[in-house]
Amino acid sequence: MINKYNITQGFTLVETLVAILILTMALAGPIAIAEGDLHATLIAKDQITAYYLAQDAIEYVRSVRDSNNLSGNSSNATWLTGLSSCINANVGGTAQCTIDSLNATVAACPTGGCPILNYDSVTNGGYFNYNAGSASIFTRTVSILTPVPIPSGSNPFEAVVTVKVSWNDTARITRSVQVQENLFNWE
């Protein structure tokens, strides 16, 4: 008797290609999710750094205010002495400055905008400043509005400090964090 059907063992080429396709599709999903998570982690890291840079400038302004008050400069005109390049006397003012808390300096921003902060990874474990290190991705802009306009008039004992930190992320998208705080002249 002649066997009409030749039965062979193993996989055909088509079966092998289908198996590889299924395996590739099974791996593509988790890899895409991991890539998205990595991108989100990098954005979150930059946002946290930007928030702390903004808070650092707020704390520096608060420190200047406290030092002025402790040294007797608590009058309406002198409680923010040392921050004049940041102060706007009315809403819509354009005064902007840089604050370098590491070197205790305040400087007006040039007309083209505030410079980029440097990151010095060598000094004391790493600091942001304007003097040493290499250029970071962060630009910090500080402005102070005083006196604060309120419906019944102006309050010379209150100032609104606004700090904006902006940067371009890995996808070249401009992102920013803005922190605003009302400070009072405590006498």
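Taken together, the values in this text are just the output of simple stated rules run on the coordinates, not laboratory data. Since the model is a prediction, treat every value here as computed from it, not as a measurement. For neighbour counting, all protein chains shown are included, and Cβ atoms are generated from backbone atoms with ideal geometry for every residue, glycine included.
General remarks:
- Over all orientations, the stretch 13-184 has a Cα convex hull whose mean projected area works out to 15.5 square nanometres.
- Computed from the C-beta positions of Asn103 and Glu59 and an R0 of 22 Å, the FRET efficiency is 0.90 to the nearest 0.05.
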